[in-house]
Amino acid sequence: MRAASHKATSYFAARQDEPPSRTISSPRRLSREESQRQTRARLIEVGRQHFLAYGLGGAVAEKIAEEAGYSRGALYSNFAGKEDLFVAVMQEEHQRYCELYKAIYRDNGDSEKMLQELRTTYIDMLVNPEWVILWAEFQSEAVRNKEMQSRYRQFYHAMVQDSVNRLTEHIENGSLLCKMSPSNFVLAMSSFAHGLALRQRVVGSQPSERTTRKLIGEVFDTLIRTHAGEWKVDSHRPLNP
């Protein structure tokens, strides 16, 4: 009996020396808003892949929903249709680059360094094969479809205005100089660069991607600088189209 009592005492003493067991808590349940954001993000991610692979016309809403792990109803409860999903994909693409531009403007006190980072980021975006495909798809669909034309115009004007506002701010505070008004600079650069980047993706070697980057950079450098006194800038009077 004494031996048994000693064993029991030793056992309980050892148990007291052990660290307390951890309580396994169940994962926090997502709120309705969080769940919806998660669903939208997943549908946009998969939709982007399908639009790149099949185009807007070839993509199938049901297949996008299935691959994302949701029902067809989940897609249509978050988006009016695949066209609406496509616009959401483009808005997310644009927002991603906007955040990069904001960080460059915010974190650089050196105008020359800021301009070089803007230049590099801008060219990176324009020659990105996936951006070229999505942008061309958006434009071609806008030509054929009146509803998409309206959505494209809204998207395009918002994108241009955002760039114009940021450029105007830095021209007016003297950190940048431009040979054109901000609105005409954005219009000229985006039209030239988008067209050249698309041509490079379609034609291939003529011009090469390296040459495309160089040409866009040269036009950029010709129109905008940081050195005060070289150009007189009227940032409020756009040229006649």
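The values are calculated or read from the model by the stated rules, or taken from the named source; none is laboratory data. All of these numbers come straight from a predicted model, not from anything done at the bench. Heads up, the Cβs are rebuilt from the backbone with ideal geometry, glycines too, and the neighbour counts pull from every protein chain shown.
Can you go through L176, L239, L167, L187 and tell me which one is closer than 26 Å to Q91 by Cβ and modelled with pLDDT under 90?
Only one candidate passes the filter, namely L167.
Taking segment 163-193 only, how many residues are outside any helix (DSSP H, G or I), surrounded by fewer than 18 Cβ atoms within 10 Å (Cβ to Cβ) and of a type in the set (G, A, S)?
1
For segment 63-75, enumerate the residues that are touching a residue at least 12 places away in the same chain (Cβ under 8 Å) and in a helix (DSSP H, G or I).
Result: K63, I64, A65, E67, A68, A74, L75.
Of the residues Y122, Y54, which is among the hydroxyl-bearing types (S, T, Y) and under 14 Å from the mean Cα position of the chain (by Cα)?
So the residue among Y122, Y54 that is among the hydroxyl-bearing types (S, T, Y) and under 14 Å from the mean Cα position of the chain (by Cα) is Y122.
Residues Y152, Y156: which one is more than 19 Å from L100 (Cα to Cα) and aromatic (F, W, Y)?
From the options Y152, Y156, the qualifying one is Y152.
Suppose we filter L52, L56 for residues that are in contact (Cβ under 8 Å) with a residue 40 or more places away in the chain, buried (at least 18 other Cβ atoms within 10 Å of the Cβ), assigned to a helix (DSSP H, G or I) and out of contact with any strand residue (DSSP E or B) (no Cβ under 9 Å at 6 or more places or on another chain); which single one remains?
Checking each option against the conditions leaves just L56.
Yes or no: segment 121-136 includes at least one residue that is in contact with a helix residue (DSSP H, G or I) (Cβ under 8 Å, 6 or more places away or on another chain), polar (S, T, N, Q) and closer than 20 Å to S191 by Cβ.
yes
Consider E147 carefully, then state whether it is of a type in the set (D, E, K, R), in a helix (DSSP H, G or I) and over 20 Å from the mean Cα position of the chain (by Cα).
Here the answer is yes, as E147 does meet what is asked.
Looking at segment 194-216, which of the residues that are closer than 16 Å to E137 by Cα and among the small types (G, A, S) is surrounded by the fewest Cβ atoms within 10 Å (Cβ to Cβ)?
Only one residue tops the list, namely G195.
Rundown of residues vs (1) within 16 Å of Q36 (Cβ to Cβ); (2) polar (S, T, N, Q), yes/no style:
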{"residue": "E62", "(1), (2)": "no, no"}
{"residue": "Y70", "(1), (2)": "yes, no"}
{"residue": "N78", "(1), (2)": "yes, yes"}
{"residue": "M90", "(1), (2)": "no, no"}
{"residue": "C98", "(1), (2)": "no, no"}
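Give the residues of segment 96-145 that are among the acidic types (D, E) and either farther than 22 Å from Q200 by Cβ or in contact with a Gly (Cβ under 7 Å, 6 or more places away or on another chain) (or both), sorted by residue number.
E99, D107, D110, E112, E117, E137, listed by residue number.
Is it the case that segment 76-88 has a residue that's modelled with pLDDT under 90, surrounded by fewer than 17 Cβ atoms within 10 Å (Cβ to Cβ) and not in a helix (DSSP H, G or I)?
no
What are the residue pairs meeting all of these: first residue in segment 198-214, first residue closer than 15 Å to I133 by Cβ, second residue at pLDDT below 85 and surrounded by 15 or more Cβ atoms within 10 Å (Cβ to Cβ), Cβ atoms under 6 Å, and 6 or more apart or on different chains?
Q200/P207
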